[in-house]
Structures are given as C-alpha cells and as structure tokens.
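Below is one structure, written out as structure tokens; comments come after it.
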Amino acid sequence: PQFSPDGTMIAFGSHRSGHREIYVANRDGSNVLQLTRFGGPPVQSPSWSPSGKQLAFMVSSSSSLKIYTVGAGGSTPKVIYSDPSAVPSSGASFLSWSRDGNWVYFVSRRSGTAESWKAPVIGGTAVQVTANGGLAARESPDGRFVYYLKGPAPFSLWRIPAGDGDEHVVLARVSGAVAFSDDGFYFITRDV
C-alpha cells in the first residue's frame with residue numbers, strides 16, 4: 001500500500017475482484033475505487049505521482065512487463081513503457097516518480113544486469129540511470145540526486161547526480177528496507 005502525497009488516500013493491490021488489481025480508498029478505508037480491470041495478469045506496485053493526480057503501476061505477462069499510468073479518480077490506464085527485461089516488483093524493485101512528475105523509475109535487466117532506468121510519463125524511450133547495478137531508484141527531494149540500492153544482500157545505498165556524474169556510496173550496509181521522506185531517509189541495519 002502507498003499513501004498519496006497529501007496523506008488522505010491510499011493505493012493498494014487486492015484480489016477482491018478475483019484477480020490482483022489496483023484500488024484507491026480514503027485513508028480510513030472508506031470509498032474504495034477499483035482503478036484497474038485487467039482480469040488476470042498480475043497488477044502491482046502502485047506509485048503516486050508527486051501531484052497525487054496519477055498512479056503508475058506494473059502489469060506482467062509471460063512476454064513482457066508494462067508500466068502504466070492511471071488517473072487517481074479513475075480513467076483508462078495508459079501504457080507508458082513496455083520492457084521484456086523489466087524486473088517485476090519485489091522489495092528492491094518498485095516504481096517511483098521523478099520529483100517533477102515527468103518520469104517513472106523502474107528496474108530492467110536489458111543491459112545484462114539489474115539497473116535502474118526511467119521512462120517518460122508521456123511515453124517514449126527509456127533512459128538508463130545506473131551502470132554498475134541499481135535497484136529501487138528514488139530522487140532526492142530537491143531532484144539533484146538519484147538514490148538506489150546495490151545488492152545482493154546485505155544491500156548498500158548509493159547515489160548519483162540526477163544529470164550525470166560519478167556514483168558514491170552513502171551507506172555500506174542496509175537490510176534493503178529504505179524509506180525516503182522530504183527530510184532524509186530511514187533504513188534498517190542488521191547485526192551479523
């Protein structure tokens with residue numbers, strides 16, 4: 001589940017229709033609205049746009065993984081990117097939006113290793129963001145940096161300038177659970 005940027009709504013996946021679909025509801029669980037109706041292929045990873053007006057999500061099939069956007073109040077889902085090498089959602093490979101709302105970050109193995117990429121929300125060619133491994137990319141609140149994880153576990157947290165530049169390690173050891181906020185990030189470490 002993901003809270004909307006203003007904290008008033010929540011987006012979540014559910015099998016209540018018989019298939020995994022994306023829903024939104026008020027934060028108290030009232031006024032549930034089904035946003036997707038794919039009726040079979042797994043629908044996952046709802047991610048709110050910075051404005052709270054759209055959500056991005058993934059739909060995987062045997063031949064590819066597609067990234068869609070849909071209006072938070074309901075609309076016809078729109079494919080923004082299709083990638084046969086994209087990585088289905090897991091704890092370390094979810095979707096996130098750029099701070100300006102123009103890009104959606106995802107993970108793909110199209111270069112041979114799991115790397116973070118970003119696809120334009122209006123559709124078009126995706127751009128590779130990391131080059132030496134990168135999962136779960138998130139932009140910093142000011143949009144100057146992209147933070148991401150490298151694995152295998154235990155993971156490390158890295159960052160790279162959003163435009164271009166060299167990557168740098170931020171934390172050498174995290175469990176993989178990293179949550180970002182406007183004030184920084186929260187993480188879990190485990191004693192070995």
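Which ranges mark the strands (runs of 3 or more DSSP E) fully within the stretch 138-188 that have 2 or more residues being modelled with pLDDT of 90 or more?
145-150, 155-161, 168-174
From Pro5, Pro42, Pro46, grab the single residue that is closer than 14 Å to Leu95 by Cα and in contact (Cβ under 8 Å) with a residue 40 or more places away in the chain. Reasoning before the result, please.
Values: Pro5 fails: closer than 14 Å to Leu95 by Cα; Pro42 fails: closer than 14 Å to Leu95 by Cα.
After ruling out the rest, the residue left standing is Pro46.
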*Being of a type in the set (D, E, K, R) and open to solvent by 80 Å² or more (accessible area, probe 1.4 Å) is the filter; apply it to the stretch 159-173 and report the residue that is farthest from Trp97 (Cα to Cα).*
Arg173
*Which condition breaks for Ile22 when tested against (1) open to solvent by 20 Å² or more (accessible area, probe 1.4 Å); (2) over 30 Å from Pro154 (Cα atoms)?*
(1)
*asked:* Quick check on the stretch 72-81. Is at least one of its residues surrounded by fewer than 21 Cβ atoms within 10 Å (Cβ to Cβ), closer than 23 Å to Ser181 by Cα and modelled with pLDDT of 90 or more?
replied: yes
*Among (1) surrounded by fewer than 17 Cβ atoms within 10 Å (Cβ to Cβ); (2) more than 17 Å from Ala136 (Cα to Cα), where does Ala11 come up short?*
(1)
_In the stretch 115-137, the residues that are outside any loop (DSSP other than H, G, I, E, B), surrounded by 21 or more Cβ atoms within 10 Å (Cβ to Cβ) and touching a residue at least 40 places away in the same chain (Cβ under 8 Å)_ = Ala119, Leu135, Ala136, Ala137
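The values are calculated or read from the model by the stated rules, or taken from the named source; none is laboratory data. Quick caveat, the model's predicted, so the values are computed rather than measured. Counting neighbours? That spans all protein chains shown, and the Cβs are built from the backbone with ideal geometry, glycine included. Surface areas here come from the heavy atoms of the whole protein model, side chains and all, with no ligands, DNA or RNA. Shrake-Rupley method; radii C 1.70, N 1.55, O 1.52, S 1.80 Å.
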